[in-house]
Amino acid sequence: MKKPHLINGLPTIHWMAKEIQRMNIIENLQYVVVEKFSYGAPEINEIRELIPKQCGIIGGCQIGYLRNRHILMRFDCIEDYIRILSKNSYYIIAKDGYAYQMRHFIYDANFKVSEETSHATTWISFPDLLPTFFVEKVLLSLASVVRKPLQLDLATINKTRPSCARVKVQLDLLTDKPEFVQMQLENNDIQENSIVKIKIQYDSLPAYCK
């Protein structure tokens, strides 16, 4: 245990960012989404039954009330996590026949139920990238300059669109979004380095009101 110290007269426990990241792993919060029901919600047992069926969840999913109209969903696999984030909202058809609107928010340790989160997911493209660099490790590395890369699209994986690679990323809409990323290519045979400038195209940025 950590010993508290006083800040402004109040006992305070200090945690580092790396420790908080570790807490998320311990508590199985790597693939977590907060869902908010806009206008009322079914009972929690009905929510647990309906959401996996109506949202196409294929793996394990723990669902519980967070507070107010928010529920917390923990997914066992990243595929379900990405699937639930692929739409802006869902309408859950309850047993009473009513369609309850449900909007999702990306969870982190700074999440506040009283605020609209600025974290979102979107597709980015690299239209100038040559097919040589369509390797997953390369694409995820390039996408990481935006923020957290999640997955490649099927056309990129299946090599059916050599003109453009696409990656789904998680980003903060309030931060600067880079328009270019560079690759430094080294050729030991001729002792030469070259710089390749790659354009980043944001395919559909969600709107966010400050």
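The values are calculated or read from the model by the stated rules, or taken from the named source; none is laboratory data. The shown structure was predicted, so the numbers you read here are calculated from the model rather than taken from an experiment. Cβ coordinates were reconstructed from backbone atoms using ideal geometry, including for glycine residues, and neighbour counts include every protein chain displayed.
Restricting attention to the range 109-122, the residues being touching a residue at least 40 places away in the same chain (Cβ under 8 Å) and not β-branched (Val, Ile, Thr) number 6. When the residues of the range 194-204 are filtered to those that are more than 22 Å from the chain's Cα centre (by Cα) and loosely packed, with under 10 Cβ neighbours inside 10 Å, the one that is farthest from residue 77 (Cα to Cα) is 194.
Residue by residue, here is whether (1) in the same structural domain as residue 69 (by TED's automatic domain parsing); (2) at pLDDT 85 or above; (3) under 15 Å from residue 66 (Cα atoms) holds:
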site	(1), (2), (3)
79	yes, yes, no
82	yes, yes, no
88	yes, no, no
91	yes, yes, no
95	yes, yes, no
98	yes, yes, no
101	yes, yes, no
111	no, no, yes
114	no, no, yes
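No other residue among 25, 20 is touching a residue at least 40 places away in the same chain (Cβ under 8 Å), closer than 22 Å to residue 150 by Cβ and β-branched (Val, Ile, Thr) apart from 20.
Restricting attention to the range 182-201, report how many residues are in a strand (DSSP E or B) and touching a Phe, Trp or Tyr at 6+ places or on another chain (Cβ under 8 Å). Reasoning before the result, please.
Within the range 182-201, the subset in a strand (DSSP E or B) is 182-187, 192-199, 201.
If we keep only those that are touching a Phe, Trp or Tyr at 6+ places or on another chain (Cβ under 8 Å) as well, we get 183, 197-199, 201.
Residues in the range 182-201 being in a strand (DSSP E or B) and touching a Phe, Trp or Tyr at 6+ places or on another chain (Cβ under 8 Å): 5 in total.
Just the residues that are polar (S, T, N, Q) and either surrounded by 10 or more Cβ atoms within 10 Å (Cβ to Cβ) or over 21 Å from residue 135 (Cα atoms) (or both), please, taken from the range 177-187.
Applying the first criterion (polar (S, T, N, Q)) to the range 177-187 yields 182, 184, 187.
The answer is 182, and nothing else.
The residues of the range 52-71 that are more than 17 Å from residue 38 (Cβ to Cβ) and either of a type in the set (Val, Ile, Thr) or touching a strand residue (DSSP E or B) at 6+ places or on another chain (Cβ under 6 Å) (or both), listed by number, are 52, 57, 58, 61, 62, 63, 64.
Listed conditions (1) touching a residue at least 40 places away in the same chain (Cβ under 8 Å); (2) of a type outside the set (A, V, I, L, M, F, W, C); (3) surrounded by 12 or more Cβ atoms within 10 Å (Cβ to Cβ); (4) over 19 Å from residue 206 (Cα atoms) are all met by residue 170, apart from (4).
For the range 162-178, filtered to residues that are over 12 Å from residue 126 (Cα atoms) and not in a loop (DSSP other than H, G, I, E, B), the residue that is modelled with the highest pLDDT is 169.
This table checks each residue for (1) of a type in the set (A, V, I, L, M, F, W, C); (2) more than 17 Å from the chain's Cα centre (by Cα); (3) farther than 16 Å from residue 30 by Cβ.
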site	(1), (2), (3)
49	no, yes, yes
61	yes, no, no
64	no, yes, yes
79	no, no, no
83	no, no, no
91	no, yes, yes
98	no, yes, yes
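Considering each residue of the range 36-45 in turn, at least one proves to be without any contact (Cβ under 8 Å) to a residue 24 or more places away in the chain and farther than 29 Å from residue 148 by Cα.
Taking the range 1-77 as the region of interest, the strands (runs of 3 or more DSSP E) fully inside it that hold 1 or more residues being hydroxyl-bearing (Ser, Thr, Tyr) and under 22 Å from residue 101 (Cβ atoms) are 61-67. Taking each residue of the range 130-156 that is under 21 Å from residue 176 (Cα atoms) and looking for partners that are hydroxyl-bearing (Ser, Thr, Tyr) and in a strand (DSSP E or B) with beta-carbon atoms closer than 8 Å, six or more apart or interchain, yields 150/121.
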